[in-house]
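Have a look at the structure below, then the notes.
The values are calculated or read from the model by the stated rules, or taken from the named source; none is laboratory data. On a predicted model such as this, the values are computed, not experimentally measured, just so you know. We place every Cβ from the backbone using ideal geometry, glycine too, and count neighbours over all the protein chains shown. Ligands, DNA and RNA are stripped out before the accessible areas are found, and what is left, the full protein with its side chains, is counted by its heavy atoms. Shrake-Rupley method; radii C 1.70, N 1.55, O 1.52, S 1.80 Å.
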Amino acid sequence: MRKSVAIIMAGIMAISLAACGKSSSPAGDSTGNAGKADTGETKTVNITVQSWQYALGNYKGYSNDDDLTKAIAEAFNSSHPGISANVKIMRQEDHYNSLKVDFASGDAPDVIAVAPGADLEQYKSQLEPLNDYASKAWGDDWTNKFTEASLSTIKLSGDGIYALPSAMSASGTIWYNNKMLQENGVQSLPQTWEDLAKDSQTLRKAGKIPLMFGGKDNWQNYDMFITIMGTINKDLCNDIFTLNGDWNSSDVVKAFDYYQKLFKDGIVQDGAISTTLYNEGYSQWRDDNGKSTIPMIFNGSWDLGSLKPDNAFYKEYSSNDIKVSTMPSIEGKAGVVLTAPDVAWGVNANSSNKEAAWEFVKWLCYDMQQDVVNGLGFFSVLKDAPQITVDVADDYKAAYDTISKAVASDNTVGYRNSFYTKLNDSLFDQLQLLGTGTITPEAAAKAMAEAAAGITK
């Protein structure tokens, strides 16, 4: 899921947001106590941490990247005497491009952020197995401390654990401007797909975009298709993405048909296939002053931070009666939500400071879970999750409760893409073609079956 903007909850989320760095900490960078001279009495172990812009929340209120990375480094360094973390962030594409060069040159960071799923599968050979570290820290049954969903895309091919998740998000939801809906002839959010198609025409006649969708983004396309596929047949959805199901199945064809109806029936905006959610979509959902020009957006839990009263735009934004819901039902089946870790953290297998790097991973993924639930839009990876201890606005709580209830139900899918890059690439291609009306749902299913057949487990 490619989000070049942010994602990670006000505490740890933003913690994640802040990860990226690949050289020893020089004076003046975002290391807190990095760059301090070794007096001979205490040896400081310098570690580098690298990630992409992964924050939809702000760690302890910081929004500027430099302030954020400094705050994270200082928080870790102050609680870990003898270790100094150099933390940076960059665009996700730059992060992965940098890793390719740095691994080849032997200069890769000590701690590396990687998206669970295909990306983690790709890089795991260069990451340190973490099971022994975790067992030493939490006991042999340590996996029982984490939710099943948080580890589902971490376990990968079953040959070890090479990274740990820091927080969970939920996607596949619709955020809506209830005031704008009602002002334009739609009295409540549509509950069925048929109502969604009908109400979209009502909104179009009123001169409004019905549902904002980032059809140019691979992650938005995956989220949408998996939400539709999981709603129609959750078991089959799980099977086709793990190569245990038939992509030519009638329910898969049906899911592709419903995806194509988003465009044919005018549910999403004209030109959706060439729109990115960041920041084209969001700039219309809410501008810097909190004003909105669209009634609905295909969104996720990471946007909960927009419902914090300390945001400068909150008063104007909240006056629109912003609400959250699962997708409308399809043929009587309630819409699923997608729950998965947004980022995982691994240790460079060739790092000369593996123990110190592990301490940073442990801190992010276990010690800081209170910051996750106190942050913006993310959920703890722990079964014994801490409760929110900060005050939140009523609309924030209502949205959080709606998403939490969906996440806690059985109506979820525990990933947002496949483990297989080839399958992901092919799916994105087929969805783009469906969106432009170039191919039929049957042809898309056939193409996916052929792509799956060419993959060796």
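Observations on the structure shown:
- Qualifying positions in segment 118-169 - within 20 Å of THR421 (Cα to Cα) and of a type in the set (Val, Ile, Thr): THR153, ILE154, ILE161
- Some residue of segment 133-143 being touching a Gly at 6+ places or on another chain (Cβ under 7 Å) and hydrophobic (A, V, I, L, M, F, W, C): no
- Note on segment 199-241: among residues that are part of a helix (DSSP H, G or I) and free of Cβ contacts under 8 Å to residues at least 40 places away in the same chain, the one that is most open to solvent (accessible area, probe 1.4 Å) is LYS205.
- Search result, residues across segment 364-399 that are part of a helix (DSSP H, G or I), open to solvent by 10 Å² or more (accessible area, probe 1.4 Å) and at pLDDT 90 or above: TYR366, ASP367, ASP394, ASP395, LYS397, ALA398
- Test: LYS405 is in contact (Cβ under 8 Å) with a residue 24 or more places away in the chain and surrounded by fewer than 22 Cβ atoms within 10 Å (Cβ to Cβ): no
- Candidate set: segment 88-122, residues that are assigned to a helix (DSSP H, G or I) and in contact with a Ser or Thr (Cβ under 6 Å, 6 or more places away or on another chain); chosen: the one surrounded by the most Cβ atoms within 10 Å (Cβ to Cβ): GLN92
- Subset of segment 400-417 that is among the charged types (D, E, K, R) and in a loop (DSSP other than H, G, I, E, B) - its residue that is farthest from LYS145 (Cα to Cα): ARG416
- Tally, over segment 132-170, of residues that are small (Gly, Ala, Ser), modelled with pLDDT of 95 or more, open to solvent by less than 10 Å² (accessible area, probe 1.4 Å) and not in a loop (DSSP other than H, G, I, E, B): 1
- Some residue of segment 301-323 being β-branched (Val, Ile, Thr) and under 13 Å from GLN220 (Cβ atoms): no
- Meets criteria (in contact (Cβ under 8 Å) with a residue 12 or more places away in the chain, surrounded by fewer than 20 Cβ atoms within 10 Å (Cβ to Cβ), assigned to a helix (DSSP H, G or I) and not hydrophobic (A, V, I, L, M, F, W, C)) for LYS323: no
- Looking across segment 427-444, the residues that are assigned to a helix (DSSP H, G or I) and more than 16 Å from VAL268 (Cβ to Cβ) come down to LEU427, PHE428, ASP429, GLN430, PRO441, GLU442, ALA443, ALA444.
- Of the residues GLN284, GLN269, the single one that is surrounded by 18 or more Cβ atoms within 10 Å (Cβ to Cβ) and of a type in the set (S, T, N, Q) is GLN269.
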